[in-house]
Amino acid sequence: MRPAPRTNSRVYECLLAALMSILLALAWWLDPDFVAPATQLALSNHIVELALVAIPMTLIIVTGGIDLSVGSTMALSSVVMGLAFDAGAPFPLVCISALLTGTLAGLLNGLFIARLSIHPLIVTLATLAAYRGLAEGLSKGRPFSGFPEGFLAIGSGDWLQVPILVWLLLLLLLLSALIIRRTTIGLWIYAAGGSQTAAHYSGVPVAQLRLALYTLAGAAAGLAAIFFAARFNTAKADVGAGLELSVITAVVLGGTSIFGGRGTLLGAMLGVAIIHEIGQLVSWKWDQQELVQVVTGSILVLAVLVHNIFSRRTH
Amino acid sequence: MATGPDAHARLLPAAITLRATPRGRLWLIAALLALIFAGISIASPAFASPANIRDILVNISPVIIVACGMTILIISGEIDVSVGSLLGLLGALMGLCSSPTHANLPLAAVIAITLAAGAALGLLNGLLVVLGRVPSIITTLGAMTILRGATELLMAGSWITDLPASLRYLGTGTPLGIPVCLWAALIAVILSLLFLRATRPGLWTYAVGGNLHAAHLARVPTHTTRLLAFTLLGLLTGLAALVSIPQQSVIESGIGVGFELSVITAVVVGGASIRGGSGGILGTLLAAILLGSVRTGLIFINLGDSAVYWERAIQGAFILAAVLSDVLTRQDSARQTA
């Protein structure tokens with residue numbers, strides 16, 4: 001019961017860092033303005049929701065699962081937040097309602113997957129539709145805005161020239177890394193990913209672990225909805241559309257095996273950075289959001305394909 | 001998963017069992033369907049009128065056609081979430097090929113191109129899954145975005161409005177008094193039913209989905225079987241595009257958004273197991289009609305326009321209810337595998 005061999009993932013992380021440097025060099029060659037620190041910092045805010053949800057997604061994929069419902073959970077949380085705000089609830093309660101909605105949505109996924117042992121793919125595909133549908137039904141497509149000044153200041157504010165939300169993200173990231181590296185829970189996650197049956201018989205509480213991870217993914221999506229509201233002063237039913245694709249692509253590109261058992265948070269964050277930079281570069285340079293979609297989808301498939309080609313002997 | 005005497009039996013080709021939809025599930029869906037018709041007809045009698053039933057069937061026919069292919073694919077143990085985007089892309093392709101201001105090709109060429117492109121893109125998904133060993137959810141999630149993006153790039157924000165009358169006939173024509181799309185659905189249902197029940201590749205599909213390794217040992221051509229399932233699904237999506245999209249006079253880039261979900265809902269509610277190895281066309285057909293009736297029924301019971309907003313929530317709830325009922329019925333046998 002040991003985490004994945006460190007050496008392997010280190011090599012891959014260096015490779016990703018190199019890829020990132022090449023990408024930035026290419027970007028600089030195409031348009032020096034793009035890599036200017038000011039532009040990068042201005043764009044870095046967009047990375048927060050992606051990175052936030054990538055933390056639990058990495059752990060879920062490491063345990064051999066998947067969560068397709070994160071984008072819809074974010075939308076549902078966003079709409080509940082907007083409805084609570086419209087109903088005149090005190091603002092801290094408005095934020096709590098969003099977080100709670102996300103957590104409960106994740107918990108429901110977890111109960112179906114861990115307690116009833118239904119395949120995560122079909123559960124989260126169903127809730128991908130159900131949560132988005134609830135968000136649309138509850139809001140009737142109406143956007144909410146007019147959030148208080150102090151809240152929006154958190155979304156646009158920065159400290160030491162780094163956005164406050166990025167600091168918050170780093171804090172959560174550090175916390176997750178500590179839990180994974182320094183506690184038994186970290187060992188359990190990798191053990192469950194290697195073989196759920198073997199882990200179960202070794203005394204790993206696999207069901208509770210999976211329940212907790214899917215709940216956490218819901219909570220992260222709820223928090224992402226709050227972040228989104230703070231940045232754009234809107235809450236509506238179409239936020240987080242396609243989030244699941246970007247997050248899963250980032251995690252898989254970051255070296256997490258789609259078959260479970262292997263992957264690191266550092267790799268996932270590098271994956272997030274690369275996906276983010278490519279997306280920004282494509283939309284900055286060619287100004288076509290459709291092209292970003294095509295590129296992201298291709299990276300997802302290619303990342304797994306290349307990974308399979310190089311690890312052929314292990315299968 | 002496969003333990004006990006059953007695992008041994010599966011090694012023998014002769015012992016591969018064809019696990020079609022359980023009778024109980026078929027009766028359950030039929031009962032639900034009867035209940036919905038009875039309930040809504042009391043509130044508004046027009047619901048059960050022949051004209052409305054025909055409308056329901058016409059609206060749901062593209063789902064039925066593609067769901068036949070999806071049933072075969074899900075029985076083989078794979079899944080494809082890109083069919084909605086594929087439908088959109090084939091619609092754009094069909095429009096660009098047939099429109100007099102674009103390629104202006106004859107109808108036969110348009111039909112051939114649409115079907116061939118559908119089959120080829122389905123095969124491409126299959127090659128990535130079978131030879132590239134990329135899990136089907138990853139491959140088709142990628143394909144879903146790539147194909148949708150490609151459609152939008154191809155259409156470049158414009159609409160195709162000058163569809164020739166010959167193509168429109170596929171959407172609006174009624175040979176022998178029955179709309180073309182219903183003929184197509186009937187043919188798709190009969191052929192896929194025969195494929196699964198009476199051909200060797202059909203039997204292989206159940207074997208591959210039931211236990212891939214055992215099927216391989218039993219010399220079932222597992223690669224070919226799965227590639228065939230992906231290709232058939234692409235081909236049927238092409239057929240659905242041909243008979244459903246010309247029903248409207250305009251082709252835009254948003255066609256088929258969320259379509260994959262209706263299709264997968266029909267298959268899962270119809271009793272096919274997402275783990276592969278079991279399921280059948282009749283269950284899927286009944287489930288698709290059930291979903292179509294619920295969709296129309298919501299509009300009848302005064303939900304009016306807001307019915308559109310709740311549709312996805314209802315589809316999701318249907319899938320969850322279906323898998324939940326599966327769990328509750330296999331409670332005793334599946335306990336120890338949890």
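None of the figures in this text is laboratory data; all of them are computed from the coordinates on show. Small disclaimer: the values here were computed from a predicted structure and weren't measured. Glycine gets a Cβ as well: all are built from the backbone with ideal geometry, and neighbour counts include every protein chain shown.
Per-structure values
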read-out	value
Nearest-0.05 FRET efficiency for B:Thr172 and B:Ala30, computed from C-beta distance (R0 30 Å)	0.45
Magnitude of the charge dipole, chain A, Cβ model with Lys/Arg +1 and Asp/Glu -1, debye to 20	1140
q = 0.09, 0.10 Å⁻¹, the protein assembly as shown: log10 I(q)/I(0) [Debye, one scatterer per Cα]	-0.78, -0.97
Global form of segment A:142-247, assessed from the alpha-carbon gyration tensor, a/c cut-off 1.5	prolate
Cα convex hull of chain A, projected area averaged across orientations, nm²	16.5
Projected-area average for chain B over all orientations - Cα convex hull basis, square nanometres	18.0
Residue order, fewest to most surrounding Cβ atoms within 10 angstrom, among A:Asp33, B:Asp162, B:Asp80	A:Asp33, B:Asp162, B:Asp80
Amide N of segment A:281-300 lying under 13 Å from the label point, which is placed 7 angstrom from the Cα of A:Ala38 along Cα→Cβ	none
Residues B:Ala156 and B:Arg197, FRET efficiency given R0 of 60 Å [Cβ-Cβ distance, rounded to 0.05]	0.85
Loop trypsin sites (Lys or Arg not before Pro), segment B:159-235, which have at most 13 other Cβ atoms in a 10 Å radius of their Cβ (DSSP)	B:Arg219
Surface/4 estimate of mean projected area, convex hull on alpha-carbon atoms of segment A:151-190, nm²	3.6
Relative intensity, log₁₀ I(q)/I(0), of segment B:121-242 from a Debye sum that treats every alpha carbon as a point, q = 0.10, 0.12 Å⁻¹	-0.46, -0.64
Charge tally in the Cβ shell below 14 Å around B:Leu96, where Lys, Arg are +1 and Asp, Glu are -1, B:Leu96 excluded	-3
Helical segments meeting 27 Å axial Cα length and Kyte-Doolittle 1.6 threshold in chain B (DSSP H)	B:23-43, B:50-75, B:107-130
Projected label distance in nm at A:Leu171 and B:Leu131, using a 7 Å step from Cα toward the beta-carbon	5.2
Within 10 Å of each Cβ in B:128-137, the average number of Cβ atoms from other chains	5
Choice from A:Ala114, A:Ala225, A:Ala237 with maximal GNM fluctuation in chain A (Cα, 10 Å cutoff)	A:Ala114
For chain B, calculated [θ]222 nm from helices alone, where every DSSP H run of n ≥ 4 adds -39500 (n - 2.57)	-23000 deg cm²/dmol
Test item: Cα-centred dipole of segment A:201-315, Lys/Arg +1 and Asp/Glu -1 on Cβ, debye	380
Dipole magnitude of chain B about its Cα centre (Cβ charges: Lys, Arg +1; Asp, Glu -1), debye to nearest 20	920
Span from the segment B:29-49 Cα centroid across to the segment B:227-305 one, whole angstrom	21
Helical mean residue ellipticity (222 nm; -39500 (n - 2.57) per DSSP H run of 4+; nearest 500) of chain A	-24500 deg cm²/dmol
Residues listed by number, segment A:279-305, amide nitrogen under 19 Å from A:Leu19 label point at 7 Å toward C-beta	A:279-283, A:292-305
Cα-based convex hull volume of segment B:103-179 per residue, rounded to whole Å³	140
Extreme residue, positive dipole direction of segment A:1-156, given options A:Ala153, A:Ala17, A:Gln40 (C-beta unit charges)	A:Ala17
Environment charge of B:Thr231, counting only residues whose C-beta is closer than 14 Å and scoring Lys/Arg +1, Asp/Glu -1	-1
Rg ratio (alpha-carbon, reference 2.2 N^0.38 Å) - segment A:227-315	1.24
Loop chymotrypsin sites (Phe, Trp or Tyr not before Pro), segment B:109-185 (other Cβ atoms within 10 Å of the site Cβ: 14 or fewer; DSSP)	B:Trp159
Stretch gain in nm, segment B:Leu328-B:Val308, where the contour uses 0.36 nm per residue and the Cα spacing is subtracted	4.1 nm
Two-site FRET efficiency, B:His216 against B:Ser49, from Cβ-Cβ distance with R₀ of 60 Å, rounded to 0.05	0.70
Cα-derived Rg over Rh, computed across segment A:273-315 with Rh taken as Kirkwood radius	1.17
